[in-house]
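First the structure, in the form of structure tokens, and then the observations on it.
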Amino acid sequence: MNVKGEKILTNPVWVVIIAVFCNILWGSAFPFVKIGYELFQITTSVSDKLLFAGVRFFLSGVMLLVGYLLIYRKLPSLHKDNIQNVVSLGIVQTTFQYIFFYIGLSNTTSTNGSIVNSTNVFLSAILAHFVYTNDKMTLRKWVGCVIGFCGVIFVTLGQGSTRFSLDGEGFIMIAGLMFAVGSVISKKATKKDESWVVTAYNLTLGGGILILAGIMCGGSLHEITLHGSMVLLYLALLSAISFTLWTMLLTYNNIGKICIYNFVIPVSGTLLSGLVLHENILKLRYLISLICVCTGIFIVNSVKHDKIPK
């Protein structure tokens, strides 16, 4: 990364813009995954969902590898002492996270899943507190996180039961932990190789394992159409873009500062579901949630951060 690129990725304004953009992309995945399930005639089968997710992330990785090949006329290579980090990242952040997430989501309501999934923000900040000496949790951060999480709760009020189950909400919490651990591994891996390269191999490996898991469990994509392929292509593209930009942000910024923006995902997912799926979103709780989330982001982002942890 050149000096100009580093300045952009450490500029507070650009950090907010890029982080929010990434999370809006991830939020858009919710309605488009639902559309994809319908177009590919994916049932409640976990293996079908794992296969669908695997194809999505594998395509994302291939897109990045092909892009690198077209620009540099060669496939990217990893430092030998960094291969273990990248392999671990692919297994933890892509494979394990989405195995636990999709199994957990199949055993709980979407409401409970949305609430519990947001715990990855807290887990990332708390994990960073123990891993890095200058990324500590403070009272101000706690206040910002609590207010932001209240926004997530508001957006899901009145949508179902809050009953907890180990293989439902419990698995989604484990998926959140995988995301948090993956953020730490990603930060370590990008110190030796470019974010683009690390993300490409992360998605390709993790997606490939998901494909194998889905096939071995009897999964299949029952109906392949042009519309379905376009949706899958969009999902793959948004993953390639968002994961690359997110990895770049993690390279030059504290994990606790960046991961707070994950609060945008359930809010943007809800708003885009209204636009794409024509769901009724004209309710007071959506406005309250947006105010809470934006306030939480402002409070956490207004904290003075030290240099990135080494």
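The values are calculated or read from the model by the stated rules, or taken from the named source; none is laboratory data. Remember, it's a predicted structure, so these values are computed and weren't measured experimentally. So basically every Cβ, Gly included, is an ideal-geometry build from the backbone, and we count neighbours across all protein chains shown.
Screening the candidates V33, V62, V55 for the property of being touching a residue at least 40 places away in the same chain (Cβ under 8 Å), assigned to a helix (DSSP H, G or I) and under 13 Å from N202 (Cα atoms) yields one hit, V62. Scanning the range 1-28 for residues that are of a type in the set (S, T, N, Q) and outside any helix (DSSP H, G or I), which turns out modelled with the lowest pLDDT? Only one residue fits best here, namely N2. The residues of the range 171-190 include none that are part of a loop (DSSP other than H, G, I, E, B) and modelled with pLDDT of 90 or more. Restricting G207, G219 to residues that are touching a residue at least 24 places away in the same chain (Cβ under 8 Å), part of a loop (DSSP other than H, G, I, E, B) and in contact with a Lys or Arg (Cβ under 8 Å, 6 or more places away or on another chain) narrows the list to G219.
Residues in the range 122-141 that are more than 19 Å from T251 (Cβ to Cβ), of a type outside the set (F, W, Y) and not in a loop (DSSP other than H, G, I, E, B): L123, I126, H129, L139, R140, K141. Count of the range 205-228 residues, restricted to those that are surrounded by fewer than 17 Cβ atoms within 10 Å (Cβ to Cβ), under 22 Å from S28 (Cβ atoms) and touching a Leu at 6+ places or on another chain (Cβ under 7 Å), is 2. Considering only residues that are at pLDDT 80 or above and among the β-branched types (V, I, T), look in the range 134-170 and name the one that is farthest from R285 (Cα to Cα). My answer is T138.
Scan the range 68-96 for residues that are within 24 Å of the chain's Cα centre (by Cα) and under 30 Å from N120 (Cα atoms) and the total you get is 16.
Could you say whether any residue in the range 229-250 is assigned to a helix (DSSP H, G or I), of a type outside the set (V, I, T), free of Cβ contacts under 8 Å to residues at least 40 places away in the same chain and surrounded by fewer than 24 Cβ atoms within 10 Å (Cβ to Cβ)? Yes, that holds for at least one residue.
Contact map, the range 8-30: residues that are of a type outside the set (S, T, N, Q) paired with residues that are loosely packed, with under 14 Cβ neighbours inside 10 Å and in a helix (DSSP H, G or I), Cβ distance under 6 Å, separation 6+ or inter-chain. Pairs shown: I8/W14. The residue that is modelled with the highest pLDDT, among those in the range 268-310 that are β-branched (V, I, T), closer than 26 Å to H129 by Cα and not in a loop (DSSP other than H, G, I, E, B), is T295. For L75, state whether it is outside any helix (DSSP H, G or I) and more than 21 Å from G182 (Cβ to Cβ). When the stated conditions are applied, L75 passes them. Each residue in the range 43-76 was checked for being touching a helix residue (DSSP H, G or I) at 6+ places or on another chain (Cβ under 8 Å), under 16 Å from E194 (Cβ atoms) and of a type in the set (S, T, Y), and 1 pass. Across the range 69-87, the number of residues qualifying as in contact with a Leu (Cβ under 7 Å, 6 or more places away or on another chain) and among the aromatic types (F, W, Y) comes to 0.
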